[in-house]
1. Looking at 234, 238, 210, 264, which is the one that is farther than 28 Å from residue 18 by Cβ and aliphatic (A, V, I, L, M)?
2. Find the residue count for region 215-268, including only residues that are farther than 21 Å from residue 49 by Cα and assigned to a strand (DSSP E or B).
3. So for region 167-184 (the condition being open to solvent by less than 80 Å² (accessible area, probe 1.4 Å), β-branched (Val, Ile, Thr) and away from the ligand (no atom under 15 Å from the Cβ)), does at least one residue qualify?
4. Identify all residues within region 218-233 that are among the polar types (S, T, N, Q) and either over 13 Å from the mean Cα position of the chain (by Cα) or not assigned by TED's automatic domain parsing to the domain that holds residue 15 (or both); write none if there are none.
5. Which condition number does residue 263 fail, the rest of (1) among the charged types (D, E, K, R); (2) free of Cβ contacts under 8 Å to residues at least 24 places away in the same chain; (3) in the same structural domain as residue 44 (by TED's automatic domain parsing); (4) away from the ligand (no atom under 16 Å from the Cβ) being met?
6. Any residue in region 194-217 that is outside the structural domain of residue 11 (by TED's automatic domain parsing) sitting within a Cβ distance under 6 Å of a residue that is open to solvent by 20 Å² or more (accessible area, probe 1.4 Å)? List the pairs, counting only those 6 or more apart or interchain.
7. Need at least 3 residues that are away from the ligand (no atom under 15 Å from the Cβ), open to solvent by 20 Å² or more (accessible area, probe 1.4 Å) and over 24 Å from residue 202 (Cα atoms) per element, so show me which strands (runs of 3 or more DSSP E) inside region 62-161 make the cut, counting only ones lying wholly within it.
8. The conditions are (1) within 16 Å of the ligand (Cβ to nearest atom); (2) hydrophobic (A, V, I, L, M, F, W, C); (3) over 25 Å from residue 44 (Cα atoms), and residue 219 fails exactly one of them. Which is it?
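The values are calculated or read from the model by the stated rules, or taken from the named source; none is laboratory data. Everything quoted here is computed from the prediction, not taken from an experiment. Here the Cβ is made from the backbone with ideal geometry for all residues, glycine too, and neighbour counts use every protein chain on show. What goes into the accessible areas is simple: the full protein's heavy atoms, side chains included, and nothing from ligands, DNA or RNA. Shrake-Rupley method; radii C 1.70, N 1.55, O 1.52, S 1.80 Å.
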Amino acid sequence: MRSWTPQKLRELKGKRAFATVTCYDATSATLIEALEPGLIPLVLVGDSLGMTMQGHNSPLPVTLDEMIYHTRCVARVLRSPMVIADLPFGAYQVSDDEGFRNALRLIKEGDADGVKLEGGERCVPLIRRLVEAGIPVCGHLGLTPQSCLAMGGFKVQGREAEAAKRLIEEAKLLASAGCFCLVVEGVPAALGTAITKAVSIPVIGIGAGAQTDGQILVWQDLLGLNIGHVPKFARTFATLGQTIQDALRAYAGEVAARTFPAEAESYQ
Ligand code: KIV
């Protein structure tokens, strides 16, 4: 068992705002694991890996086997933060039985500590079943990327009063179904605050303002590893893409000048 549990995360609500990140590979997980304990209490192996790792323009093509593979890479390294894995598009839409079996695979084969799924009321029966079986579930409301076709893209949700009210009700439904936390994405900041106040479970925001219990950022956005579009809500805390390109230029230059490898880097 990892040090961070749903119970410990819950205790943070109202005490301190916490940061969480996505992660898809063992190298990055090693960097997270070596941080001060508790700095990042939860890591999400998100189906955003369809974009960040696979080069798709949505998470829709990501398969359950791919999620299990990436979850295992991350879970193999992490001992402290809890590892939550996304049920990808198609893994829980056909039937609750299939969703249940697929969630079990993320736990048993991926070594995840819990699963995340997108949607409100329609997910409640599956969430109840998973929770009864002892699987921690994180809900996801607002801009739900797996619905990008229906939403007409990655669009901010809950701008109108009726839609905002509906999202607050759905957050309450998910909390009473047993979700241990909730990701709220792409909603006006005031709605992010209202949802956070409406439920007793931690709300992790992304593009939902500064008053949610925690925040989550996609690894590549946070570290400046993306060349091109960065969403309005993401802040780039480093420019690693630039650093990597500088290193590649320096390496290519030394190879061309035959100054790499040096004698100390060669076998005699
Ligand atoms: O897939 C993902 O990475 C996510 C986060 C952005 C919340 O769902």
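1. Numbers: 234 fails: farther than 28 Å from residue 18 by Cβ; 238 fails: farther than 28 Å from residue 18 by Cβ; 210 fails: farther than 28 Å from residue 18 by Cβ.
Every option except 264 fails the conditions.
2. 0
3. yes
4. Taking region 218-233 first, the residues among the polar types (S, T, N, Q) are 220, 226.
Answer for region 218-233, where residues must be among the polar types (S, T, N, Q) and either over 13 Å from the mean Cα position of the chain (by Cα) or not assigned by TED's automatic domain parsing to the domain that holds residue 15 (or both): just 226.
5. Failing condition for residue 263: (3).
6. none
7. Working: elements: 82-86, 114-116, 137-142.
No strands (runs of 3 or more DSSP E) qualify here.
8. (3)
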